[in-house]
Amino acid sequence: MNIQDYVDIKSYSTLKVGGQFRYFCIVSSVYDLTSIWTIVHTDVRYKDIPIFILGGGSNIIFSDGVLDVFALKIEIKGFEIVSEEQNYVDIKVGAGEIWDEIVSRTVSMGLSGFESLSLIPGTAGASPVQNIGAYGAEVKDTILEVEVYEIETGKVFNISNKDCKFGYRDSIFKGEARGKYIITGVTYRLSKSIPRLPDYPGIKSYFIDNNINIPTLAQIREAIISIRQSKLPNPNEIPNVGSFFKNPIVEKVVAHKIKEDYPDAKFFSVDDTHTKVPAGWLIENAGLKGKSFGKVSMYDKNALVLVNKEGATCEDVIRARDEIIKIVKDKFGIELVQEPEIL
Ligand SMILES: Cc1cc2nc3c(=O)[nH]c(=O)nc-3n(C[C@H](O)[C@H](O)[C@H](O)COP(=O)(O)OP(=O)(O)OC[C@H]3O[C@@H](n4cnc5c(N)ncnc54)[C@H](O)[C@@H]3O)c2cc1C
């Protein structure tokens, strides 16, 4: 195993911030994990050093300085059809596969389920962690089971969809089982049936503009990619971590009060007493779209995305975040909550 010391984090973070991992190792197989397990349990240097699991680094903000963790970058590959019936195909994917490459591959096989999740950065292994979602689709609706390596015991087993306790951008891997498992593979069930059209105004108008009446799976993927590219910065060109804040769910009375001043605002009813207010709307209407905060700024085409334009540090990001939260709170009385985790 090639265990490295003091590894620069920036190249493993799509936001390009962070100091160094104290220890770092690339994991290409479950066998590698077994070797690391033995090393960690026998070599005193690694005693009491927490393990951190890294995928594509697209949903995490790394702190400056040395992070006293043993970072394992999961690069376990694999793409295997495990079962096929008249209407569906079950595919097991290695956790280190690039998510969008899997989407592209399954779309070209004529299988539906992933197309609305096109172009989301990161790895397949991270897809269950926050139950990735976009355009009304969530990955949980395709997951059969998640193969995990239990860090404490070194055992490998499957966790069923039900036991993953998926929620909106949530699962046990973010909650009660956080830090307990390394996801090594995910088995998905994809459909051979005609794809469901994403019920989203931007997508419908894309098909109208392009004179497409009954879109194919590939055309749905193309539409999603085109719309995402027009709204989201490519992290390889402009460092970012996607949506920076969660959409707040507030009491209906709070949303009504805002609507009095902004009657055209589009909010979404959650239940009888709660409304979801888009965080991007709040930021934009607080006058912060495209605004710079030192070395970071809110993206000029999408108020929800914070971008690192000039070699910012984690401290710069946190300072900007706190300023944005304060400005939005002062204006609308709603406290934004950051979406990506901070290590
Ligand atoms: C431009 C952009 C657009 C985005 N759009 C969306 C979107 O539309 N919808 C959406 O849901 N997300 C979106 N994201 C967020 C991000 O792409 C997803 O959350 C993605 O699943 C993260 O994958 P990753 O491999 O980069 O995970 P990382 O950022 O490396 O890790 C994220 C978390 O998962 C854990 N983890 C990663 N791999 C494993 C593993 N094998 N086993 C156990 N734990 C693991 C990490 O420890 C960490 O806690 C976007 C991000 C960007 C930059």
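We did not get these values from a lab; they are worked out from the coordinates using the rules stated. Just so you know, these numbers come straight off a predicted model, no measurement behind them. Neighbour counts run over all protein chains shown; Cβ positions are idealised from the backbone, glycine included.
In summary, S11 fulfils each of the numbered conditions (1) within 20 Å of I318 (Cβ to Cβ); (2) surrounded by fewer than 21 Cβ atoms within 10 Å (Cβ to Cβ) with the single exception of condition (1). In the stretch 24-33, is there at least one residue being surrounded by 15 or more Cβ atoms within 10 Å (Cβ to Cβ), touching a Gly at 6+ places or on another chain (Cβ under 8 Å) and farther than 27 Å from P235 by Cβ? Looking for residues that are surrounded by 15 or more Cβ atoms within 10 Å (Cβ to Cβ), touching a Gly at 6+ places or on another chain (Cβ under 8 Å) and farther than 27 Å from P235 by Cβ, one finds at least one in the stretch 24-33, hence yes. Remark: V277 matches the filter, which requires a residue to be over 24 Å from K10 (Cβ atoms) and either among the hydrophobic types (A, V, I, L, M, F, W, C) or away from the ligand (no atom under 16 Å from the Cβ) (or both). Look at the stretch 255-283: where a residue is under 21 Å from I325 (Cα atoms) and touching a residue at least 12 places away in the same chain (Cβ under 8 Å) and a partner is of a type in the set (V, I, T) and part of a helix (DSSP H, G or I), sitting 6+ places away or on another chain with Cβ atoms under 6 Å, you get L282/V328. Only one of the numbered conditions (1) within 25 Å of L343 (Cα to Cα); (2) free of Cβ contacts under 8 Å to residues at least 24 places away in the same chain; (3) outside any loop (DSSP other than H, G, I, E, B) is violated by L67, and that is (2). Scanning the stretch 46-61 for residues that are more than 11 Å from the ligand (Cβ to nearest atom) and closer than 12 Å to G18 by Cβ yields no hits at all.
Criterion applied to I172, I212, I203, I208 was being of a type in the set (V, I, T), within 16 Å of the ligand (Cβ to nearest atom), within 28 Å of F268 (Cβ to Cβ) and without any contact (Cβ under 8 Å) to a residue 60 or more places away in the chain, and the one residue passing it is I172.
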